[in-house]
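Working notes for the structure below.
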Amino acid sequence: MIACAPSLSRAQESMDKLWGDAVVKLRVEDATRGQLFNEGNYAMFIHWGLYSLLGNEVDGKTYYGIGEWIMNKNMAGIPIDQYKQLAGKFNPVNFDAHEIARIAKEAGMKYIVITAKHHDGFAMYHSKACDFNIVDATPWKKDPMKELAAACREAGLGFGFYYSHNQDWTFPGGGNGPGKDEEGNRATFDDYFVKKCLPQVNEITTEYGPIELVWFDTPGKMPKHYVEQLVEVVHKNQPRALVSGRAGHGLGDYQTLGDMEVPRHNVEGMWESVDTTNDSWAYAWYDEYWKSPKEILSRLIACVGRGGTYMLNIGPRGDGSVPERAEKTLTQAGEWVRRYPQVVYNTDASPWQHVLPWGDVTRKDNTLFLCVFDWPTSGKLYLPNLKTQIASAELLGVEEGESVTWEKAGQWIALNVPPRAPEKLVSVIQVNLESEPEVDPVWALDPNMATEVLAEFASVDNAEKSEKRWMEKFGEWKGVTHVHGLEKGGAASWEIDVLQPGDYNVELTYSGNGRLVWGVAIEGGQAIQNQQNSSHNYQTFPIGWINFPKAGRYNISVKCLEGEVESASLKAIEFTPMH
Ligand code: GLC
């Protein structure tokens, strides 16, 4: 379900519908194709174009949302001729390809993907197919893509292009573009495809050296035979290059998730998350809400821990310079990535298949990298239901690498760790196993700290569980898997594992209308209920303490008992030990 301001979606197919179907893709046949994708796991996305000159401000008015859509009627609705005049003012004297490559390298990223042409139709390279490009239409008259491709090669980084193949808001016949040409003749999509799209995809895959990836976007209802032609051109001109999941019709080489989406459960096959360092892809003058280095690391490690690749975006200004705070937070996170490359590169998903209370896990064969974001001051770090024998464990990042001892705790393992975290951002414990890791991924309540269990992992009875996405600001996507439809007396339930019996404080995260009464019950055990308020935003409210009399497995269920139950939307339940 899409929840956004009504005016934002009626006219034009809503953006996430334009992304095309999500198709699971297992490893590509030809192992050389996408090596950097598979092994790199971390890359830089760059949105830069005429829209960067405006930075979401038009005639003194600021528009809030993703900056590369400023021309679109969902934002400022700038007429084509007025928008095209921007090219005359585009003179990015502060563009420095080596500087951008250096920032990506220092961030620990393995390749760069930059916008060659976005939905607005302006080519950020020297295109012979259309003169609405950075060399022919601007006073700057240089091709930044030549420089950046070379700078990436010098820096040992892969290089790739974003190309909006369906939408073209300025070229006659382009998707969501003008239906007539300058002479007033009717223009078809085929005109756009033959005169501009196909020749340009041929240009970007033949004139900039080896390409790692061509990132097509918003295929919408683009007919399949056009996509087939484009994918063929890419694979013919660049046999090692990957085509993004948003090519359309499942013809991409891997799956691209929704914007700003990092999954909370392991996802099979080859896939990527694309994310922003603030809340916009392109430069937006007001957007100073930057992800902290720790937040970047938590989303990167979560992405790799779920089995994917993380591509994080920057939006240079109209003059070509990179916002200093974007560089700062990337570099600080990069300082950590470059000290722990083994945790990120060429690693696979966590055997726990979801986040753990203290952090997350990546894996390399029989070695686990425990990435601890919340260090247990109790000196015990718990690994629930790890069935495989541990051979050795050590704390990384300290002088000689400090070995860590452990003991069995029921079916769990308790690692004995120093009371203080060795790292400011994320501490890493390397656990070497005797054989393949085997884990029972049941949600388990940590004896030391709060454990949040997502509705996404609940089973539902006489209720519904579904994914929903919405835009906070235009194009700033949020998503949740929620349990709803509880008005039929239904319930969400989870099997959970308790190591430490005793009292736990229960909190629920939900949205709704007005005061709601929630009931939380342990099958065959205690049941509690409480009334708390709600709003359309997801908020966490305490329900009360509940007691688990002994260690073991329990079934927990949650019901919404009173109030506007039909409005109740449950996101998570959290247990905090009270012993
Ligand atoms: C969406 C937006 C587009 C952006 C892309 C990045 O498709 O429409 O502007 O470039 O996401 O993932």
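The listed residues are Lys146, Lys110, Lys142, Lys89, and the only one of them that is touching a helix residue (DSSP H, G or I) at 6+ places or on another chain (Cβ under 7 Å), away from the ligand (no atom under 16 Å from the Cβ) and more than 24 Å from Arg246 (Cα to Cα) turns out to be Lys89.
Counting only residues that are in a strand (DSSP E or B) and hydroxyl-bearing (Ser, Thr, Tyr), the range 518-568 holds 3 of them. Whether a residue is over 23 Å from the mean Cα position of the chain (by Cα), more than 23 Å from His354 (Cβ to Cβ) and of a type in the set (Asp, Glu) was assessed, and Asp503 passes this test.
When Leu8 is tested against (1) more than 13 Å from the ligand (Cβ to nearest atom); (2) at pLDDT below 95; (3) surrounded by 17 or more Cβ atoms within 10 Å (Cβ to Cβ), exactly one condition is not met: (1).
In the range 394-427, the residue that is most open to solvent (accessible area, probe 1.4 Å) out of those that are in a strand (DSSP E or B) and over 16 Å from Leu356 (Cβ atoms) is Lys408.
Inspection of the range 54-66 identifies at least one residue that is open to solvent by 10 Å² or more (accessible area, probe 1.4 Å), within 16 Å of the ligand (Cβ to nearest atom) and in contact with a helix residue (DSSP H, G or I) (Cβ under 8 Å, 6 or more places away or on another chain). Checking Trp406, Trp375 one by one, the residue that is over 31 Å from the mean Cα position of the chain (by Cα), more than 20 Å from Arg264 (Cβ to Cβ) and at pLDDT 95 or above is Trp406 and no other. Is it the case that some residue within the range 157-166 is hydrophobic (A, V, I, L, M, F, W, C), more than 15 Å from the ligand (Cβ to nearest atom) and either in contact (Cβ under 8 Å) with a residue 24 or more places away in the chain or not in a helix (DSSP H, G or I) (or both)? For the range 157-166, residues hydrophobic (A, V, I, L, M, F, W, C), more than 15 Å from the ligand (Cβ to nearest atom) and either in contact (Cβ under 8 Å) with a residue 24 or more places away in the chain or not in a helix (DSSP H, G or I) (or both): present. Taken over the range 342-363, the criterion of being in a helix (DSSP H, G or I) and either among the basic types (Lys, Arg) or within 19 Å of Ala391 (Cα to Cα) (or both) is satisfied by Gln342, Val343.
Just one of the listed residues (Asn547, Asn530, Asn537) is surrounded by 14 or more Cβ atoms within 10 Å (Cβ to Cβ) and touching a strand residue (DSSP E or B) at 6+ places or on another chain (Cβ under 7 Å), namely Asn530. Could you tell me how many of the residues in the range 250-273 are more than 13 Å from the ligand (Cβ to nearest atom), modelled with pLDDT of 95 or more and open to solvent by 50 Å² or more (accessible area, probe 1.4 Å)? Counting residues in the range 250-273 that are more than 13 Å from the ligand (Cβ to nearest atom), modelled with pLDDT of 95 or more and open to solvent by 50 Å² or more (accessible area, probe 1.4 Å) gives 2.
For every residue, the table says whether it meets (1) among the acidic types (Asp, Glu); (2) surrounded by fewer than 22 Cβ atoms within 10 Å (Cβ to Cβ); (3) within 16 Å of the ligand (Cβ to nearest atom); (4) in contact (Cβ under 8 Å) with a residue 40 or more places away in the chain.
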position: Gly305; (1), (2), (3), (4): no, no, no, yes
position: Gly308; (1), (2), (3), (4): no, no, yes, yes
position: Ile314; (1), (2), (3), (4): no, no, yes, yes
position: Trp352; (1), (2), (3), (4): no, no, no, yes
position: Val361; (1), (2), (3), (4): no, no, no, yes
position: Asp374; (1), (2), (3), (4): yes, yes, no, yes
position: Ser392; (1), (2), (3), (4): no, yes, no, yes
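From the list Leu230, Leu242, the lone residue that is over 19 Å from the mean Cα position of the chain (by Cα), touching a residue at least 60 places away in the same chain (Cβ under 8 Å) and either within 19 Å of Val194 (Cβ to Cβ) or within 16 Å of the ligand (Cβ to nearest atom) (or both) is Leu230.
Give the residue that is nearest to Arg338 (Cα to Cα), with candidates limited to residues of the range 274-290 that are more than 16 Å from the ligand (Cβ to nearest atom) and touching a helix residue (DSSP H, G or I) at 6+ places or on another chain (Cβ under 8 Å). Across the range 274-290, the extreme among qualifying residues is Trp290.
The set of residues in the range 364-386 that are among the charged types (D, E, K, R) and either touching a helix residue (DSSP H, G or I) at 6+ places or on another chain (Cβ under 9 Å) or not in a loop (DSSP other than H, G, I, E, B) (or both) comprises Lys364, Lys380. Residues in the range 34-53 that are modelled with pLDDT of 95 or more and open to solvent by 40 Å² or more (accessible area, probe 1.4 Å): Leu53 only.
For the range 314-330, the set of residues classified as hydrophobic (A, V, I, L, M, F, W, C) and in a loop (DSSP other than H, G, I, E, B) consists of Val322 only. Specify which of the listed residues (Asp143, Asp136) is touching a His at 6+ places or on another chain (Cβ under 8 Å) and open to solvent by 30 Å² or more (accessible area, probe 1.4 Å). Residue meeting the stated conditions: Asp136. Those helices (runs of 4 or more DSSP H) of the range 187-264 in which at least 1 residues are basic (Lys, Arg) and either touching a strand residue (DSSP E or B) at 6+ places or on another chain (Cβ under 9 Å) or under 20 Å from Gly20 (Cβ atoms) (or both), considering only elements entirely within it, cover 224-237.
Residue count for the range 330-341, restricted to those that are open to solvent by 10 Å² or more (accessible area, probe 1.4 Å) and in contact with a helix residue (DSSP H, G or I) (Cβ under 6 Å, 6 or more places away or on another chain): 2. Of all the numbered requirements in (1) part of a loop (DSSP other than H, G, I, E, B); (2) without any contact (Cβ under 8 Å) to a residue 60 or more places away in the chain, Glu467 misses one, and that requirement is (1). Give the residue, chosen from Lys236, Lys294, that is open to solvent by 20 Å² or more (accessible area, probe 1.4 Å), over 14 Å from the mean Cα position of the chain (by Cα) and either within 15 Å of the ligand (Cβ to nearest atom) or under 23 Å from Val337 (Cα atoms) (or both). Only one candidate passes the filter, namely Lys294. Remark: Gly77 falls outside the filter, which requires a residue to be surrounded by fewer than 20 Cβ atoms within 10 Å (Cβ to Cβ), in contact with a Pro (Cβ under 8 Å, 6 or more places away or on another chain) and more than 30 Å from Ile301 (Cα to Cα). Checked across the range 143-150, the condition of being part of a loop (DSSP other than H, G, I, E, B) and free of Cβ contacts under 8 Å to residues at least 24 places away in the same chain holds for at least one residue.
The values are calculated or read from the model by the stated rules, or taken from the named source; none is laboratory data. Owing to the predicted nature of the structure, the values given are computational and were not obtained by experimental measurement. A quick note on method: Cβ atoms are made from the backbone with ideal geometry, for glycine too, and the neighbour counts reach across all protein chains shown. To get the accessible areas, we keep the full protein, side chains included, count just its heavy atoms, and leave off ligands, DNA and RNA. Shrake-Rupley method; radii C 1.70, N 1.55, O 1.52, S 1.80 Å.
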